[in-house]
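Computed from the coordinates by the stated procedures, all read-outs in this text should not be read as laboratory data. Keep in mind that this is a model prediction, so the values were computed, not measured. All Cβ positions, glycine included, derive from the backbone under ideal geometry; neighbour counts span all protein chains shown.
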Amino acid sequence: MHIDEEELNKALDKPADYGPDLDLSSYLIEPEEAARLDESILKRAYDVGIDLSRKDSAGNFLQVDHSVMVKAIQKRFENDVEVMTIDEAMGKYDWVKGLMWNLISPYKDKYTAFVAKNRRGGYFIRVLEGRRVYIPVQACLLLYSPHIMQALHNLIIAEDGTEAHIITGCTHHTKSVKGLHLGMTEIYVKRNAKLSFTMVHKWGPGMDVRPRTGILVEEGGTMFYNYVLLGEVGSIQTYPAVTLLGDNSRISMNNVVYLSGSSNADLGGGVAIKGSGSRAELLTNSVVTDRAKLVSRGSIVSEAPGTKGHISCKGLMLSDSAEISAVPLLTSKNADSELTHEAAIGKIAEEQLFYLRSRGFRLDEAESLLVRGFLDISSMKLPKHVERSINTIIEQTMKGF
């Protein structure tokens, strides 16, 4: 995509449609000191489900601030998957640059414009045509330096007839108490490909996060997009935009959120159904406690016949000082489409507490058990060891509830 520098400069002053506006000048573009790969960084990656010591991952990628510290592919998968930096991919393939900024507009807001002008790294993951990789590719993006701004552009391509799992974890080092993560991610799911993409976010009260994601699914393609947000975050605003371009394509977007502290989160996703016989589901289960505020958005627009779409927004409030808003939106532009939504916000049901108490559970045990059930991730269809890892993270995050 050709980028108009004049329009890009104008967009640097354009706030996002949702979420609090941020002053980009309050963050550092360059780190004050370079990070070194050590146990503390590996531990933070592990805390968001990325175990870089695992033998059962097809490939690994770790970027700390602007430095890529791990980039590897298992030898037996070298003909199946490519893992490299986005700069290496642009140097190797002429066509890569043509795929960038097609699914996300660089003029969308100040965050996209800033990355378009000041990108510092990002990953490129490509699953080669016809390959099926049943163990995941892992990628971790970590903020290390105080007040750093991480500006990335990632590109994922699942070529025709492929099947793969990708798990990404985004977090910060304990050394960094304030920072900004800007992650642009464009995902192409080609004909009859099946891609499972799981993102785990675990931040802190001084962290601001502005991911921007675009997804294109071609004929017969299937995309499972799983997002897990746990704990406290200063502010986060994200709204992945999905286009089901091909006939009989599918997107299943599953969000699991546990927000605490004074978090300010505006999350959701939008799907445009353009291919006949296609399916979309947007599912969000959220638990909000303390003084956290969450806006959960979902939108499906159907333009093709024989399509189905469903939005589910369910929120559980554990504090009178917390706040949840659910904003589902359905638009049909074809009479032969079936779109539905459900939204529910409430507290832990007294009858469920009573039942568990009558079975010998203490009140805190009963409440914890019900909340944990609300954050169930079994519907994400993850590899078992990935599911176990995320469940462990959820359990650790909920300690003290």
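Whole-Hz Karplus values for segment 182-193 come out as 10, x, 8, 10, 10, 10, 10, 10, 7, 4, 6, 8 Hz, taken residue by residue from phi with 6.51 cos²θ - 1.76 cosθ + 1.60 and θ = phi - 60°; glycine and proline positions read x.
Using the Cβ-Cβ distance between residue 71 and residue 330 with R0 set to 51 Å, the FRET efficiency from 1/(1 + (r/R0)^6) comes to roughly 0.75. Taking one quarter of the surface of the convex hull spanned by the alpha-carbon atoms of segment 156-233 gives a direction-averaged projected area of 4.9 nm². Put simply, the C-alpha atoms of the chain give a gyration tensor, and the ellipsoid matching it has half-axes of 30, 26, 22 Å, longest first.
Applying 1/(1 + (r/R0)^6) with r as the Cβ-Cβ distance of residue 364 and residue 262 and R0 = 30 angstrom yields a FRET efficiency of 0.85. Bridges between two residues of segment 5-352, per DSSP, are antiparallel at a rate of about 10%. Put simply, the convex hull of the Cα atoms in segment 353-401 casts, on average, a shadow of 3.8 nm².
Take the Cβ atoms of residue 36 and residue 349, set R0 to 51 Å, and the FRET efficiency comes out at 0.55. Per-residue packing, averaged as other Cβ atoms within 10 Å, sorts the ranges 290-296, 74-80, 317-323, 126-132 into the order 290-296, 126-132, 317-323, 74-80, beginning with the highest. Computed over the chain, the per-residue total of -39500 (n - 2.57) for DSSP H runs of n ≥ 4 gives a 222 nm mean residue ellipticity of -5000 deg cm²/dmol, rounded to 500. Approximating the spin labels as points 7 Å out from Cα along Cα→Cβ, the residue 323-to-residue 147 distance works out to 3.0 nm.
Using Cβ point charges alone (K and R +1, D and E -1), the dipole size of segment 5-352 about the Cα centre works out to roughly 440 debye. Ranked by how many other Cβ atoms sit within 10 Å of their own Cβ, fewest first, the residues 196, 262, 276 fall in the order 262, 276, 196. Relative intensity of segment 1-126 on a log10 scale, I(q)/I(0) at q = 0.11, 0.16, 0.19 Å⁻¹, equals -0.53, -1.02, -1.21, per a Debye sum over C-alpha point scatterers of equal strength in the absence of solvent.
Note on residue 178: lysines with a C-alpha under 24 Å away, same-chain residues under 8 apart excluded, are 14, 43, 110, 117, 202, 293, 399.
Placing unit charges on each Cβ (+1 for Lys and Arg, -1 for Asp and Glu) gives segment 1-80 a dipole about its Cα centre, and among 61, 20, 35 the Cα reaching farthest toward its positive end belongs to 61. Counting every other Cβ atom within 10 Å of each residue's Cβ, 104, 311 order from fewest to most as 104, 311.
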